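Note sheet for the following structure.
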Amino acid sequence: MSTPKVGFVSLGCPKALTDSELILTQLSAEGYQTSKTYDGADLVIVNTCGFIDDAVRESLDTIGEALAENGKVIVTGCLGAREGEGGGNLVRQMHPSVLAVTGPHATHEVMEAVHTHLPKPHDPFTDLVPAAGIKLTPRHYAYLKISEGCNHRCTFCIIPSMRGDLVSRPVGDVLKEAKALFEGGVKELLVVSQDTSAYGVDLKYRTGFFDGRPVKTRMLELVQALGELAEPHGAWVRLHYVYPYPSVDEVVPLMATGRVLPYLDVPFQHSHPDVLKRMKRPASGERNLERIQAWRAACPELVVRSTFIAGFPGETDAEFQHLLDFVREAKIDRAGCFAYSPVEGAAANDIPGMLPTEVREERRARFMAVAEEVSTAKLRERIGATMQVLVDSAPGLGRKGGVGRTYADAPEIDGTVRLLPPEKISKQLKVGEFTRARIVDTQGHDLVGVPI
Ligand code: SF4
């Protein structure tokens, strides 16, 4: 009998990606073949996203396509947890012929559905699965999910209703996974969650164990331990989704000593205290500008990336201007911006003062123009510097077109370093290795560098 084959389509954010990796790892451990296409698959799993309306549409279309191409489809992920009209399950209402539907982080339920519709092969080659699991990212970087869910109730967000309250993974498990990833060749570990600074709150910062020693389930201790694990491998640790709580002040000195990358992804969403209150943002009472300035004083290399929403309901001209001033004064290195768009089921839909689409779009465009001005000026300061670059793709034949990233660039969301042919003809660049590069120019959001 031929080995049963499962086609897998992974949509959505890095948190969804880690769910996909867990399912793929389990499938391989049980001896199933996996593939990224529908070709020859006995069944297809679609991991969906349900965050904004475009993502919902893309997920529903993908399910429809998988049904048309293959016919046997299991749906998992955020969209799987969404209600449709009249309270039923949205996916089932739109695509009644799917075999099973689960919400996010449901490896066990997905595997049960797979077993029901495609029995397990008899001779699983368990030993062939690497300890680090199956990764969807290139071999040299990996996402490490430290918790699920969120205790906040931001008015524009429906994630807590889909993923539930914060559940932190035991610190020992997280560190064990990190160790296996570094030993498996990962050179950059990206820590993700809905709220990284809240890690361990649900467990009252309980003390766990790793390698026979006690470690508190708390961001500071976790980051310290990750830095120690990364060091012998010369690997990077990068933190995402950190809120500007006072506790982050303790992590910044670790960045100054190089234990973790001096990079913080802080989703501020806005700067004006009244808008932040209407958004019910975590740490909305904090003095964000002063906090960033203090972080920069403690760690001058610090790069801050953030996302913002322009045109939130009730946003006045003065509040929007406050946001533009903030981006300039805080010198946000990398900023993304969405024009506010109502999400079905979000509390913000009831906030008075919805702005017309043109105003929201126009504010987004104005925001991006300011953000780009700030970002370009900061990039240009790098010209002449020599920086460590992680090579994502090596120059091909003809020695053109290598691409890498510095500590200032997270994969997929930030810029890159376009690598010119190395100064020394004998120098070989390899994907997943570090090189030093002299920065000679900028190109939009990217740097241009010569490997030395
Ligand atoms: S912090 Fe706010 S935006 Fe982020 S997941 Fe929680 S509720 Fe949603």
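Between Val303 and residues 5 or more places away or on another chain, which pairs have amide H atoms under 5 Å apart, with H built 1.01 Å from N, and which residues are they?
Sorted by chain and number, the residues that satisfy this are Tyr263, Leu264.
Pop out the carbon and sulfur fraction of the accessible area of the range 223-301 as a percent, whole number, probe 1.4 Å.
Numbers: 1600 of 3110 Å².
Within the range 223-301, the accessible surface is 51 percent carbon and sulfur.
How large is ³J(HN,Hα) for each residue in the range 248-257, as worked out from phi by the Karplus curve 6.51 cos²θ - 1.76 cosθ + 1.60 (θ = phi - 60°), to whole Hz, x for Gly and Pro?
With coefficients 6.51, -1.76 and 1.60, one gets 5, 3, 6, 7, 4, x, 5, 6, 5, 8 Hz.
Full-extension gain between Glu412 and Ala369, please, as 0.36 nm times their residue separation minus the C-alpha to C-alpha distance.
Working: separation 43, 0.36 × 43 = 15.48 nm, distance 2.09 nm.
Contour length minus the Cα-Cα distance gives 13.4 nm.
Among Tyr340, Gly258, Ala66, whose Cα sits farthest toward the positive end of the charge dipole of the chain (+1 at Cβ of Lys/Arg, -1 at Cβ of Asp/Glu, about the Cα centre)?
It is Gly258, whose Cα lies furthest towards the positive end.
Cα convex hull of the range 336-382: how many Å³ per residue? Walk me through the numbers before you get to the answer.
Working: hull volume 3.8 nm³, N = 47.
Once divided by residue count, the hull of the range 336-382 is 81 Å³.
Quick one: which residues, 5+ away or cross-chain, put their amide H under 5 Å from the amide H of Gly314? H built at 1.01 Å from N.
Here the answer is Met354, Leu355, since their amide H atoms fall under 5 Å of that of Gly314.
Taking all protein chains together and a probe of 1.4 Å, list Lys145, Lys427, Lys36 from the most accessible to the least accessible.
On the way: Lys145 20, Lys427 55, Lys36 160 Å².
Output order, biggest surface exposure first: Lys36, Lys427, Lys145.
For the pair Ala68/Glu433, report the inter-label distance in nm, with labels modelled 7 Å from Cα in the Cβ direction.
4.6 nm
Starting from the Cα of Arg206, step 7 Å along the direction of its Cβ; do the same at Asp274; then give the gap between the two resulting points in nm.
4.5 nm
Taking 0.36 nm per residue of sequence separation and subtracting the Cα-Cα distance, how much length would be gained by fully extending the chain between Gln321 and Ser161, in nm to one decimal? Provide the component values of the computation, followed by the final result.
On the way: separation 160, 0.36 × 160 = 57.60 nm, distance 3.23 nm.
Extra length from Gln321 to Ser161 when fully extended: 54.4 nm.
From the alpha carbon gyration tensor of the chain, can you work out the equivalent ellipsoid semi-axes (sqrt of 5 times each eigenvalue) and give them in Å, largest to smallest?
Working: eigenvalues 232, 182, 105 Å².
Three semi-axes, in Å: 34, 30, 23.
Quick check: at a probe of 1.4 Å, how many percent of the accessible area of the range 18-70 sits on carbon and sulfur atoms? Before the final figure, lay out the partial values.
Values: 1000 of 2170 Å².
The C+S portion of the solvent-accessible surface of the range 18-70 is 46 percent.
222 nm [θ] for the chain, helices only, -39500 (n - 2.57) per DSSP H run of 4+, per residue, to 500? Before the final figure, lay out the partial values.
Values: 12 runs with 139 residues, N = 452.
So the calculated ellipticity at 222 nm is -9500 deg cm²/dmol.
State which stretch of the chain is the longest one without any exposed GluC sites (Glu not before Pro), exposure meaning a DSSP loop state and at most 12 other Cβ atoms within 10 Å.
Values: sites that count: Glu381, Glu412, Glu423.
For GluC sites (Glu not before Pro) (loop position, at most 12 other Cβ atoms within 10 Å), the longest site-free span of the chain is 1-380.
Taking θ as phi - 60°, what are the ³J(HN,Hα) couplings along the range 234-240 by the Karplus curve (6.51, -1.76, 1.60), each to the nearest whole Hz, with x for Gly and Pro?
Residue by residue, the range 234-240 yields x, 9, 9, 10, 10, 9, 10 Hz.
Bin all alpha-carbon pair distances of the range 45-109 at 10 Å intervals from 0 and give each bin's fraction as a whole percent.
24, 60, 16
With a probe of 1.4 Å, find how much accessible area the range 363-440 has per residue, and write the answer as a whole number in Å². Spell out each step's value before the answer.
Working: 4070 Å² over 78 residues.
Value returned for the range 363-440: 52 Å² of accessible area per residue.
Give the cysteines in the chain for which no other Cys Cβ lies under 4.7 Å away, or write none if there are none.
Cys13, Cys49, Cys78, Cys150, Cys299, Cys337
Could you report the range 31-92's accessible area per residue, 1.4 Å probe, as an integer in Å²?
Numbers: 2710 Å² over 62 residues.
For the range 31-92, the per-residue accessible area is 44 Å².
What are the membrane-span-like helices in the chain by this rule: whole DSSP H runs, Cα extent along the axis at least 27 Å, mean Kyte-Doolittle hydropathy at least -1.0? Don't skip to the end; give the middle numbers.
Details: long enough: 357-380 (34 Å, -0.74).
Length and hydropathy pass: 357-380.
May I ask you to evaluate 6.51 cos²θ - 1.76 cosθ + 1.60, the Karplus curve with θ = phi - 60°, for each residue of the range 200-210 and list the ³J(HN,Hα) values in order in whole Hz, giving x for glycine and proline?
x, 4, 5, 9, 6, 6, 3, 7, x, 10, 9
If you roll a 1.4 Å probe over the heavy atoms of the protein chains, what accessible area per residue do you get for the range 211-299, in Å²? Intermediate results must be reported in sequence, preceding the final value.
Details: 3520 Å² over 89 residues.
For the range 211-299, the solvent-accessible area averages 40 Å² per residue.
Got the relative contact order for the chain handy, in percent, Cα pairs under 8 Å and 6 or more residues apart?
Details: 910 pairs, mean separation 43.2, N = 452.
Relative contact order of the chain: 10 percent.
So between Ala294 and Glu423, what do we pick up on full extension, going 0.36 nm a residue minus the alpha carbon distance?
Values: separation 129, 0.36 × 129 = 46.44 nm, distance 3.88 nm.
Stretched out fully, the Ala294 to Glu423 stretch lengthens by 42.6 nm.
The values are calculated or read from the model by the stated rules, or taken from the named source; none is laboratory data. Just so it is clear, the structure is predicted and the values come from calculations on it, not from any experiment. Every residue, glycine as well, gets a Cβ built from its backbone with ideal geometry; the counts of neighbours run over all protein chains shown. All accessible areas refer to the heavy atoms of the entire protein, side chains included, with ligands and DNA or RNA removed. Shrake-Rupley method; radii C 1.70, N 1.55, O 1.52, S 1.80 Å.
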